[in-house]
Amino acid sequence: MITFPNAKINLGLDVVEKRPDGYHNLETVFYPIPLCDILEITPAKELDAPDYTFTMYNAVFEGSDDDNLVIKAYKALAADHKLPKVDISLYKHIPTGAGLGGGSADAAFALKMLNEIAGLGLDSKELCAYASRIGADCAFFIDNTPAYATGIGNILTPTACSIEGYHLVLVKPDIHVSTKDAYALVTPQKPEESLTEIAERPIEEWKGAMKNDFEKSIFAKHPAMEKIKEQLYAMGAVYASMSGSGSSFFGIFNEEQDIEKIKTQFPGMFCWCNKM
């Protein structure tokens, strides 16, 4: 069985308050985009095979396979249910450390695939419960539809927000932004206007109203990142922002964009574009 875990972007992000457990409550809008990895899970061919094998392509994972979120998804289900022995292959196309949720998507799609392969019959609510144990934004990819997220990103409410028909450009520089450092540098505060209300306005009204609270502190540390956002606006973006805690940026355009021209604007960076 083969599936295609997709990325997400954050349409705005407000860090609202620090929690007693050290995490932060936030408000954001998760929006799925058709930038995908490839995940294949097949039953093992040999009777004496291990419970699972895992191979990843087109990326280097720092740490052991057991630390990969796909394997954590397998083990989370295996702790409560009988799973068949499987061979798992993951081809990475979604950049890592980009604020695009690639690892969480891979894990969520693995949960859905294993649920089907093993005939477990778990519904979306049950799968979301497993996903929430793996990562804060992992549950979003179970239903995989635009959602207003609160809490640590795990409380999801459907939203009518849509960028359908617009053209999306994604740019990721070769800069690593530590999520821990990003949170350490931001000052939590309650927004004057709810992000979900802003997100449901026309996109042309987002600039100046919608924001990502991580940008201010991250731009101070990485000035080159601010220039990416400025360049997206200079190219004609209706709205541009960093996604999550970075380091990727997206621009929403009215007109179709030429990927080769984009690459000349952002040399040496990961670039992608697609009509939504």
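The values are calculated or read from the model by the stated rules, or taken from the named source; none is laboratory data. Bear in mind that the values here come from a model prediction, so they are computed numbers and not experimental data. Here the Cβ is made from the backbone with ideal geometry for all residues, glycine too, and neighbour counts use every protein chain on show. Keep in mind that these areas ignore ligands, DNA and RNA; they rest on the heavy atoms of the full protein, side chains included. Shrake-Rupley method; radii C 1.70, N 1.55, O 1.52, S 1.80 Å.
So what is the accessible area of the range 1-149 per residue, in Å², with the probe set to 1.4 Å?
45 Å²
Using a Förster radius of 45 Å, what is the FRET efficiency between E164 and D80 based on their Cβ-Cβ separation? Nearest 0.05, please.
It comes to 0.75.
Once the dipole of the range 49-201 is set up with Lys and Arg at +1 and Asp and Glu at -1 on Cβ about the Cα centre, which of L185, T96, N68 lies farthest towards its positive end?
N68
Looking at the chain, do any whole DSSP H helices span at least 20 angstrom along their long axis by alpha carbon and average -1.0 or above on Kyte-Doolittle, and which?
102-117
Counting DSSP beta bridges with both partners in the chain, what percentage is antiparallel, nearest 5?
85 percent
Alpha carbon centre of the range 195-260 versus the range 52-124: separation in Å?
Here the two parts' Cα centres lie 30 Å apart.
With unit charges on the beta carbon (Lys/Arg positive, Asp/Glu negative), name the residue among G208, G236, N254 whose Cα is farthest towards the positive pole of the charge dipole of the range 207-262.
Selected residue: G208.
Hey, which lysines would be in cross-link range of K75, C-alpha to C-alpha under 24 Å, not counting anything within fewer than 8 residues on its own chain?
Hits, sequence-local ones excluded: K45, K85, K92, K112, K125.
Between Rg and the Kirkwood Rh of the range 17-116, both from Cα atoms, what is the Rg to Rh ratio?
1.02
Using Cα pairs under 8 angstrom and six or more residues apart, how large is the relative contact order of the chain, in percent?
In percent, rounded to a whole number, it is 23.
Mind checking which lysines have their Cα closer than 18 Å to the Cα of K180? Skip sequence neighbours fewer than 8 apart in that chain.
Here the lysines satisfying the reach criterion relative to K180 are K18, K216, K221.
Rounded to the nearest 0.05, what FRET efficiency is calculated for D143 and E17 with R0 set to 41 Å and r the Cβ-Cβ distance?
With a Förster radius of 41 Å, E is 0.95.
Could you state the principal axis extents of the C-alpha atoms in the range 125-235, from the largest down, to the nearest angstrom?
Principal axes ranked by extent give 43, 33, 29 Å for the Cα atoms.
Per the 1.4 Å probe, what fraction of the accessible area of the chain, in percent, lies on carbon and sulfur atoms?
Carbon-and-sulfur percentage of accessible area, whole number: 50.
How many nm separate the modelled label positions at E116 and T53, each set 7 Å beyond the Cα in the direction of the Cβ?
Distance between label points: 2.3 nm.
Hey, what D do you get for the chain in µm²/s if you plug the Kirkwood alpha-carbon radius into Stokes-Einstein at 20 °C and 1.002 mPa s?
So the translational diffusion coefficient is about 110 µm²/s.
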